[in-house]
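Remarks on the structure that follows.
The numbers here are math on the coordinates, done by the rules we state, and not lab data. Bear in mind that the values here come from a model prediction, so they are computed numbers and not experimental data. Cβ placement follows ideal geometry from the backbone for every residue including glycine, while neighbour counts extend to all protein chains displayed.
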Amino acid sequence: MKRAKKIILALMACMIAASGTQAGISADAAAHTHKWAVHSVSKASCTRDGYVRHVCTKCGKHKSASVKKLGHFYVTGKKAATCTASGYIRKYCARCGKTAWKSPTGKLGHDYRARKATASEKKAYGWGTTLVCRRCGHKTGSYADY
């Protein structure tokens, strides 16, 4: 009989405590205005949605808001060709770097102009004529006289 009384008293205490509350939250917490603080953030990318999770600093309740994926932001860029290396033109995403297409350009090759070799070039290399590239300054020579 004592055990039955204890159980009834415990049930009555639970019913009194639960009146005016929601799922075990105190009456004060159920009646308050939430004060949301950022809990965690996942940034959206070009291909993936993100989210922002908030938590109420008063009662601990959570809520989430999704952030739509950004999509690619394509721009066109180029690498200039040089005398000895090829270049390219490409369309790529400025956010993540994904290349949509790439079109290579050939190397330019040297654009030589002839000049009379200096005394030191004649002595060092035996050149009579020095060929100098107008774009990059590369020098080569010819044994023929200028």
Once phi for every residue in region 124-131 is put through the Karplus expression 6.51 cos²θ - 1.76 cosθ + 1.60 (θ = phi - 60°), the whole-Hz ³J(HN,Hα) values, with Gly and Pro written as x, are 6, 10, x, 6, x, 10, 10, 9
Counting Lys and Arg as +1 and Asp and Glu as -1 over every other residue whose Cβ sits under 10 Å from the Cβ of ASP111, the net charge comes to +3
Of region 60-102, those with amide N under 17 Å from the point 7 Å along the Cα→Cβ vector of HIS39 are 60-67
CYS96 and THR76 label points (each 7 Å along its Cα→Cβ direction) are spaced in nm at 2.3 nm
